[in-house]
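The values are calculated or read from the model by the stated rules, or taken from the named source; none is laboratory data. Since we're looking at a predicted model, the values are computed, not measured. Using ideal geometry, Cβ is built from the backbone for each residue, glycine included, and neighbour counts are taken over all protein chains shown.
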Amino acid sequence: MIQQFETIQKASKDNVDAALKAFGATSKGVQTIAVEATDYAKKSFEAGTATLEKLAGVKTFDKALEIQADYVKTAFEGAVAQATKMGELYASLAKDAYKPFEGIVAKATPAAK
């Protein structure tokens, strides 16, 4: 009876430790994602403002179209790169948050069979 209690107590402690590690990894990952999103928004805003300033000084319609086309191309490429980077950050977050539970799952899988 005492041995069973100690086994349950150890399993509970392991679960709490894993949950705390997962919470720490999740917190760090979310913070990284927030910083990255903020940096991208700031860069995007600055690029848009710079483009508007360029357009304000344009004297020909052709030059305005050229500036706008360059901006759209650059903005699209930046958005695609940012989406890729954010996808990688979310995947990393999921892996890091799951990592503390790998040992527990591995122990529980043979017991369930």
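Out of 53, 102, 36, 6, one residue alone is surrounded by fewer than 13 Cβ atoms within 10 Å (Cβ to Cβ), under 26 Å from the mean Cα position of the chain (by Cα) and either at negative phi or at pLDDT 95 or above (or both). It is 102.
Between 77, 102, which is without any contact (Cβ under 8 Å) to a residue 60 or more places away in the chain, more than 30 Å from residue 8 (Cα to Cα), part of a helix (DSSP H, G or I) and acidic (Asp, Glu)?
The match here is 77.
Residues of segment 24-66 that are over 29 Å from residue 93 (Cα atoms), assigned to a helix (DSSP H, G or I) and hydroxyl-bearing (Ser, Thr, Tyr): 49, 51. For residue 17, the stated conditions hold: it is among the acidic types (Asp, Glu) and surrounded by 12 or more Cβ atoms within 10 Å (Cβ to Cβ). Is segment 34-41 home to any residue that is more than 30 Å from residue 12 (Cα to Cα) and in contact with a Ser or Thr (Cβ under 9 Å, 6 or more places away or on another chain)? Checked segment 34-41: no residue is more than 30 Å from residue 12 (Cα to Cα) and in contact with a Ser or Thr (Cβ under 9 Å, 6 or more places away or on another chain).
The residue of segment 56-99 that is surrounded by the most Cβ atoms within 10 Å (Cβ to Cβ), among those that are closer than 22 Å to residue 22 by Cα and small (Gly, Ala, Ser), is 97. Might you let me know whether segment 33-51 holds any residue that is in contact with a helix residue (DSSP H, G or I) (Cβ under 6 Å, 6 or more places away or on another chain) and without any contact (Cβ under 8 Å) to a residue 60 or more places away in the chain? Yes, the conditions are met somewhere in segment 33-51.
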